Amino acid sequence: DIELLSTVGPPSGGPDEFLLISIDEVDDGVYAVLPQGLTRPLRLTAAEAFSLSLGLRTLSGSGLRPYEDAVARLLSKIRAALGEASPELLKLESESVIETEDHHRQAILGDLHRAISAHRALEARYHSAPRGVTEPRGLDPYALLNHRGAWYLVARCHRHGVPRLFRVERISKTSPLGDENTPPFQVQPGFALEKFRRDTLFVPEAAHPRIHLRF
């Protein structure tokens, strides 16, 4: 951590603007000398606060916790800063209408997150792009991942018995499997979410065809 702190500085600053970290061997203390550029907190301009508030409003209402709570708290702070900088812009922001990209997908995300938290199996109506069919899938939802702006569900597929990736935008409907007396599912032993956190989600297998392109 101390080595990492010694690399902290403003993006466009020089070496003299980085944190100076020293360790006193006598009292075993760690001391940090802050450069002038880092001694004051960032203050937003009215235009920056206005833009951020509109952007945050497009994220609110997703139902995803704890993200939903964090967005609400941050939006409250941004609005307070905007009110101090420009009451006129704050009034304009409150009167602006924000259309989110897809209300239905946000509702699906909320349902999935609640099922993940409660370890409740669900049935999802899922469209398989490779086969071009839409069919119900029994799933044990493990986690949600965002990869390059797209949401993916990591879940154990009841048909195949192993965890797989499901693109959330291909899920048109979800419903719980069982009732309130149905015990929660258990995550498969040896499951590692890190296996699904990678730069490239698609991993070729031996059964996939090889295609040669001539330019």
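The values are calculated or read from the model by the stated rules, or taken from the named source; none is laboratory data. Because the structure is predicted, anything quoted here is derived from the model rather than measured. Cβ: placed from backbone, ideal geometry, glycine included. Neighbour counts: every protein chain shown. All accessible areas refer to the heavy atoms of the entire protein, side chains included, with ligands and DNA or RNA removed. Shrake-Rupley method; radii C 1.70, N 1.55, O 1.52, S 1.80 Å.
Quantify, in whole percent, the carbon and sulfur part of the accessible surface of the chain (1.4 Å probe; protein heavy atoms only).
Looking at the chain in its full context, I get 55 percent from C and S.
Please work out the FRET efficiency for the pair Ala206 and Tyr67, using the Cβ-Cβ distance as r and a Förster radius of 35 Å; give the result to the nearest 0.05.
With a Förster radius of 35 Å, E is 0.35.
Using only the alpha-carbon atoms, how far is helix 103-118 inclined from the longest principal axis of the chain? Give it as 0 to 90 degrees, nearest 10.
90
In square angstrom, what is the accessible area per residue of segment 86-215 with a 1.4 angstrom probe?
Accessible area per residue: 69 Å².
Round to the nearest 10 and give me the degree value, 0 to 90, for the angle of helix 67-85's Cα axis relative to the longest principal axis of the chain.
30
Between the helical axis of 46-59 and the dominant principal axis of the chain, each derived from Cα atoms, what acute angle in degrees is found, rounded to the nearest 10?
20
Looking only at Asp28, Asp140, Asp179, which one moves most when the chain is put into a Gaussian network model with springs between Cα atoms under 10 Å?
Asp28
Taking a cut-off of 29 Å between Cα atoms, list the lysines near Lys77, but don't count ones fewer than 8 places away on the same chain.
Lys91
Using R₀ = 45 Å, calculate the FRET efficiency as 1/(1 + (r/R₀)^6) where r is the Cβ-Cβ separation of Glu169 and Leu20; round to 0.05.
Efficiency computed from Cβ-Cβ geometry: 0.40.
P(r) of the chain in 10 Å steps, Cα pairs, percent per bin?
Distribution as computed: 6, 21, 21, 21, 19, 10, 1, 0 percent.
Starting from the Cα-Cα distance between Phe215 and Ala80, subtract it from 0.36 nm times their residue separation and give me the gain in nm to one decimal.
Computed gain between Phe215 and Ala80 is 42.9 nm.
Describe numerically, in nm with one decimal, the distance between label points set 7 Å from Cα along Cα→Cβ at Glu180 and at Glu88.
5.5
Within 10 Å of each candidate Cβ there may be at most 16 other Cβ atoms; applying that plus a DSSP loop requirement, which trypsin sites (Lys or Arg not before Pro) in segment 92-198 survive?
Answer by residue number: Arg131, Arg148, Arg159, Arg197, Arg198.
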